[in-house]
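The values are calculated or read from the model by the stated rules, or taken from the named source; none is laboratory data. Values in this document were obtained by computation on a predicted structure and should not be read as measured data. Here the Cβ is made from the backbone with ideal geometry for all residues, glycine too, and neighbour counts use every protein chain on show.
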Ligand SMILES: C[S@@+](CC[C@H](N)C(=O)[O-])C[C@H]1O[C@@H](n2cnc3c(N)ncnc32)[C@H](O)[C@@H]1O
């Protein structure tokens, strides 16, 4: 399996993002460079892109891809460090910020990446291999209740308690070490008709938990406010409802200029509006894009402008 990923909502996202040919743009989810490349094509010789990815395979691949391209700076950092990266680069403000959340096709399809239940490999699921806890550590060491809660909260899986009980029974005799072992445990308490969906949900839940994906997303959104230039845009593409809800709620809250109780005689909260919402409803891929790239089917893109 090659190193590849087909970028989602490519033209649409960059149309919203790039307004200034000589601007400085940030991409928090470099992947295999599709969006970064498209930003570059819209920039003049003086424009710049600063891109990062926690995954070192993606980072190494893009180091080679953009070798000699002076307008690009690459980082192997978490995107929540957007403000730190801006400081390192001596950038006060970005002219636009993009995040294309989740994982790439390479991460999902490649055994070496260890993100899919479809290939038997070590049960790891860390995007950043320097994180201390793998998915195997989590399911071998945590309480049954905690495992059930994670599967329910981050996978929205109704059978979370049954699955956690079976994990807890299994690990009495043997540590759970591989994706196949976990898959068999889940299959033993799941109706075969729903197995594919359940496996996706459980693996997704563990990945979100191990990488604290929702916490990092919240930090990224908050930290981007201090380095996004007034009048510039924040563009976020998400792939599941938990992420999309966080983006939607953040945009809504940052749009408000007052959070006092409705019956308060005067405003005392001191809140200021930091974002104008550009996309009242999320933008989704066209049918033709989904036909070419079925991973695009769940994508939702939201755009807001710094005020
Ligand atoms: C959907 S892919 C991005 C694809 C990319 N836009 C392209 O065109 O090739 C998501 C990427 O974000 C990375 N990622 C996920 N969470 C991240 C985080 N908190 N910080 C930095 N990168 C992250 C993943 O490792 C993955 O490579």
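Brief remarks on what is shown
- Among the residues making up the stretch 23-34, a single one is near the ligand (Cβ under 9 Å from one of its atoms) and either in a strand (DSSP E or B) or more than 19 Å from the chain's Cα centre (by Cα) (or both): 27.
- The set of residues in the stretch 227-266 being in a strand (DSSP E or B) and surrounded by fewer than 19 Cβ atoms within 10 Å (Cβ to Cβ) consists of 229, 230, 231.
- Restricted to the stretch 297-307, and to residues there that are over 14 Å from the mean Cα position of the chain (by Cα) and in contact (Cβ under 8 Å) with a residue 40 or more places away in the chain, the residue that is surrounded by the fewest Cβ atoms within 10 Å (Cβ to Cβ) is 307.
- Test: residue in the stretch 180-188 that is within 30 Å of residue 61 (Cα to Cα) and either modelled with pLDDT of 95 or more or out of contact with any helix residue (DSSP H, G or I) (no Cβ under 9 Å at 6 or more places or on another chain) (or both): yes
- Conditions (1) closer than 24 Å to residue 82 by Cα; (2) away from the ligand (no atom under 16 Å from the Cβ); (3) assigned to a helix (DSSP H, G or I); number of the one not met by residue 291: (1)
- Of everything listed in (1) more than 13 Å from the ligand (Cβ to nearest atom); (2) assigned to a loop (DSSP other than H, G, I, E, B); (3) closer than 22 Å to residue 216 by Cα, the single unmet condition for residue 129 is (1).
- Within the stretch 90-113, the residues that satisfy the criterion of being within 13 Å of the ligand (Cβ to nearest atom) and at pLDDT 95 or above are 97, 98, 99, 100, 101.
- Filtering the stretch 275-285 to residues that are more than 20 Å from the chain's Cα centre (by Cα) and loosely packed, with under 12 Cβ neighbours inside 10 Å leaves only 280.
- Subset tally (residues that are more than 13 Å from residue 237 (Cα to Cα) and part of a loop (DSSP other than H, G, I, E, B)) for the stretch 1-17: 6
- For the stretch 35-56, filtering for residues that are surrounded by fewer than 18 Cβ atoms within 10 Å (Cβ to Cβ) and either within 17 Å of residue 228 (Cβ to Cβ) or within 12 Å of the ligand (Cβ to nearest atom) (or both) leaves 1.
- Of the criteria (1) touching a residue at least 12 places away in the same chain (Cβ under 8 Å); (2) away from the ligand (no atom under 15 Å from the Cβ); (3) not in a helix (DSSP H, G or I), which one residue 116 fails: (2)
- None of 70, 20 is in contact with a strand residue (DSSP E or B) (Cβ under 7 Å, 6 or more places away or on another chain) and not in a helix (DSSP H, G or I) except 20.
- When each of 122, 144 is tested for being touching a strand residue (DSSP E or B) at 6+ places or on another chain (Cβ under 8 Å) and either surrounded by fewer than 19 Cβ atoms within 10 Å (Cβ to Cβ) or more than 21 Å from residue 216 (Cβ to Cβ) (or both), the lone residue that passes is 122.
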